[in-house]
Amino acid sequence: MIIQETLTPEEIEEIDHEIALVPYRKAACIEALKIVQHHRGWISDESLQSIADHLEMSVEELDSVATFYNLVFRKPVGRNVILLCDSISCYVMGYEKIYAQIRDRLHISFGETTPDGRFTLLPNACLGTCDHAPALMINNELYRDLTEDRLDEILNGYH
Ligand code: FES
């Protein structure tokens, strides 16, 4: 049996606030996805359906937005999400060493979560700080000019 989730009053209030700022309901879809993800950690199929209903759009249409927008998680993620930039400047400036170090320390590759739920690792296109490559983001925190020494220190700061 599929359990139909509904949005909480708090989620509805926040989404309605965003809807009021845009010309039509659908235009608030990215913000709505972000709001629900903020409350639930990720966007399940049931959450997607509830958001689509509230925005009066089809679930397929909303799913294509969620898939396109790579900061919307359609699978459960860890408490901390590492977005490692794999675009050209970071690639040239040592991305591979950083990626290898993360794999070595956390024993996860892209798309995986540590068994204790501490970290999820995802690739990300340019984080907009190419002159300070290599770079990664953990949750909303940007780390630039990464070195192997600094990376250990940074990872130790997340539990
Ligand atoms: S290429 Fe990595 S921040 Fe731009």
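Read-outs: derived from the displayed coordinates by stated rules, not from any lab. Since the model is a prediction, treat every value here as computed from it, not as a measurement. Don't worry about glycine lacking a Cβ; one is built from the backbone with ideal geometry, like all the others, and counts go over all protein chains shown.
Rounding to the nearest 20 debye, state how big the charge dipole of the chain is about its Cα centre with +1 on each Lys and Arg Cβ and -1 on each Asp and Glu Cβ. List each step's numbers first, then the result.
Numbers: 13 positive and 27 negative charges, 90 e Å.
In total the dipole reaches around 440 debye.
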With the charge dipole of the range 27-159 built from beta-carbon charges (+1 for Lys and Arg, -1 for Asp and Glu) about the Cα centre, the Cα from His38, Cys90, Leu146 projecting farthest to the positive end belongs to Leu146
Under 13 Å from the Phe110 label point (7 Å along Cα→beta-carbon), backbone N, the range 58-90:
83-88
Please arrange Leu7, Leu121 by how many other C-beta atoms lie within 10 Å of their C-beta, fewest to most.
Leu7, Leu121
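Count neighbours as other Cβ atoms within 10 Å of each site's Cβ, and list the chymotrypsin sites (Phe, Trp or Tyr not before Pro) in the range 1-102 that are DSSP loop with at most 10 such neighbours. Walk me through the intermediate numbers first.
On the way: sites: Tyr24, Trp42, Phe68, Tyr69, Phe73, Tyr91, Tyr95, Tyr99; in loops: Tyr24, Trp42, Tyr69, Phe73.
The qualifying sites are Tyr24.
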Counting only Cβ distances under 4.7 Å between cysteines, those in the chain with no partner are Cys29, Cys126, Cys130
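Report the GluC sites (Glu not before Pro) located in the range 1-109 that are in a DSSP loop and have at most 15 other Cβ atoms inside 10 Å of their Cβ, or state none. Mind dumping the intermediate values first?
On the way: sites: Glu5, Glu10, Glu11, Glu13, Glu14, Glu18, Glu31, Glu46, Glu56, Glu60, Glu61, Glu96; in loops: Glu5, Glu56.
In loop regions of the range 1-109 (DSSP not H, G, I, E or B), the sparsely surrounded GluC sites (Glu not before Pro) are Glu56.
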Computed [θ] at 222 nm, deg cm²/dmol, the chain (DSSP H ≥ 4; -39,500 (n - 2.57); rounded to nearest 500):
-13000 deg cm²/dmol
I want to check the label-to-label distance for Arg25 and Glu56. Put each point 7 Å from Cα in the C-beta direction and report it in nm to one decimal.
0.5 nm
Let me know the Rg and Dmax you get for the range 9-68 when you use only its Cα atoms, in Å.
10.2, 28
Distance histogram for the range 1-121 (every C-alpha pair counted, 5 angstrom bins, percent rounded to whole numbers)
2, 10, 18, 18, 15, 13, 10, 8, 5, 1, 0
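Taking the Cα centre of the range 9-68 as origin, work out the dipole magnitude from +1 charges on Lys and Arg Cβ and -1 charges on Asp and Glu Cβ, in debye rounded to 20. Don't jump to the answer; show the numbers that get you there.
Working: 4 positive and 14 negative charges, 40 e Å.
I would put it at about 200 debye.
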